[in-house]
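Undergrad: Pasting in a structure now, in structure tokens, and then I'll have a few things to ask.
Here, each number is a calculation from the coordinates, and none is a lab measurement. What you see is a predicted model; the values in this text were computed from it and never measured. Note that we place each Cβ from the backbone using ideal geometry, even for glycine, and neighbour counts take in every protein chain shown.
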Amino acid sequence: MSKQIRQPGPYLYPLPVVLVTCGIGEKANLITLSWVGMLCSTPPTIGIGVRPERHSHHLIREVGEFVVNLPTAEQARQADYCGRVSGEGHDKWAACGFTRTPASQVKVPLIAECPVNLECRLRHTVPLGSHDLFIGEVVAVHIDDSLLDEQGRVDFARLSPFLYTGRDYYRLGERLAPVGFSLRG
Ligand SMILES: Cc1cc2nc3c(=O)[nH]c(=O)nc-3n(C[C@H](O)[C@H](O)[C@H](O)COP(=O)(O)O)c2cc1C
């Protein structure tokens, strides 16, 4: 291999693409995020990096809750749109044809059309620089039946997820191997 040394940057691509809902009532908004990660299993915790200038930023701070909705590759157009247009004075729900559905533990609505919805309560806010890290505890999980296998286990491959490389979106490719295969010879 022949490698160049580049200026430091967060080159951790590819990334997932999620639609986060925030705000309540008429103010409820959607924002597309990729600077997102699982941080802890117990309590189940997710971190999202949001720029303070985003309209969604102050809604998350104001309400102290948000919902992480996982879109399918078929919803990439809506996810791209919600990542290019601000919800300030604009209804992204109507523009995307998404339905607001009440959550079970938080006041922020979830997107009915997304097959996975993770209701989160904001536990910590860490200012990092260009982005603030919002750390949320997952307090309820909604999974569509279509993602369940014959044993009732969640199979995320059935979600038809997609990834972001910083430039383009990609569907997941072919299955490589089951976890633990390296130990099985
Ligand atoms: C694929 C993709 C990923 C994005 N990820 C982030 C992110 O992680 N954090 C962020 O602050 N903005 C991110 N954005 C930009 C926001 O989604 C965008 O500025 C959006 O219009 C803000 O909406 P709002 O003003 O309604 O909050 C992303 C955009 C795209 C298209």
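Undergrad: In the list Pro43, Pro52, which residue meets the criterion of being near the ligand (Cβ under 9 Å from one of its atoms), over 12 Å from Asn69 (Cβ atoms), of a type outside the set (D, E, K, R) and not in a strand (DSSP E or B)? Break it down into steps so the answer makes sense when it comes.
TA: Values: Pro43 fails: near the ligand (Cβ under 9 Å from one of its atoms).
Criteria check complete, one pass: Pro52.
Undergrad: Would you point out the residue of the range 134-160, among those that are in contact (Cβ under 8 Å) with a residue 60 or more places away in the chain and in contact with a helix residue (DSSP H, G or I) (Cβ under 7 Å, 6 or more places away or on another chain), that is nearest to Thr21 (Cα to Cα)?
TA: The selected residue is Phe134.
Undergrad: In addition: Output the residues belonging to the range 21-40 that are within 11 Å of the chain's Cα centre (by Cα) and not in a loop (DSSP other than H, G, I, E, B). Don't jump to the end; show me each part of the working.
TA: Here is the first cut: in the range 21-40, the residues within 11 Å of the chain's Cα centre (by Cα) are 21, 30-38.
Thr21, Leu30, Ile31, Thr32, Leu33, Val36, Gly37, Met38 - these are the residues of the range 21-40 that are within 11 Å of the chain's Cα centre (by Cα) and not in a loop (DSSP other than H, G, I, E, B).
Undergrad: Can you tell me which residues in the range 48-62 are buried (at least 18 other Cβ atoms within 10 Å of the Cβ) and in contact with a Gly (Cβ under 6 Å, 6 or more places away or on another chain)?
TA: Leu59
Undergrad: Turning to a different aspect of this structure: Note down all Cβ pairs under 7 Å where the first residue falls in the range 11-35 and is farther than 23 Å from Leu159 by Cβ, the second is more than 9 Å from the ligand (Cβ to nearest atom) and of a type in the set (A, V, I, L, M), and they're at least six residues apart or on different chains.
TA: Gly23/Val63; Gly23/Val108; Ile24/Val63; Ile24/Val108; Ala28/Val108
Undergrad: Only one of (1) without any contact (Cβ under 8 Å) to a residue 60 or more places away in the chain; (2) surrounded by fewer than 12 Cβ atoms within 10 Å (Cβ to Cβ) is not met by Leu128, so which one is it?
TA: Here Leu128 meets the rest and fails (1).
Undergrad: Also, quick follow-up: Provide a single number: the residues in the range 71-119 that are hydrophobic (A, V, I, L, M, F, W, C), within 16 Å of the ligand (Cβ to nearest atom) and more than 12 Å from Thr21 (Cβ to Cβ). If you could, list the steps in order and put the result at the bottom.
TA: Residues of the range 71-119 that are hydrophobic (A, V, I, L, M, F, W, C), as a first pass: 73, 76, 79, 82, 85, 93-96, 98, 103, 106, 108, 110-112, 114, 116, 118.
After this cut, where a residue has to be within 16 Å of the ligand (Cβ to nearest atom) as well, the list is 73, 76, 79, 82, 85, 93-96, 98, 108, 111, 114, 118.
Then drop every residue that is not more than 12 Å from Thr21 (Cβ to Cβ), which leaves 73, 76, 79, 85, 94-95.
Adding up the residues that qualify gives 6.
Undergrad: Going through the range 33-49 one residue at a time, which ones are of a type in the set (Val, Ile, Thr) and in contact with a strand residue (DSSP E or B) (Cβ under 6 Å, 6 or more places away or on another chain)? Break it down into steps so the answer makes sense when it comes.
TA: At the first step, the residues of the range 33-49 found to be of a type in the set (Val, Ile, Thr) are 36, 42, 45-46, 48.
Scanning the range 33-49 gives Val36, Thr45, Ile46, Ile48.
Undergrad: Residues in the range 112-125 that are out of contact with any helix residue (DSSP H, G or I) (no Cβ under 8 Å at 6 or more places or on another chain), within 18 Å of Thr32 (Cβ to Cβ) and surrounded by 20 or more Cβ atoms within 10 Å (Cβ to Cβ): how many?
TA: Initially, the range 112-125 is screened for residues out of contact with any helix residue (DSSP H, G or I) (no Cβ under 8 Å at 6 or more places or on another chain), giving 112, 117-121, 123-124.
Filter once more, keeping what is within 18 Å of Thr32 (Cβ to Cβ): 112, 117-118, 120.
Imposing the further condition that a residue be surrounded by 20 or more Cβ atoms within 10 Å (Cβ to Cβ) reduces the set to 117-118, 120.
The number of residues fulfilling the criteria is 3.
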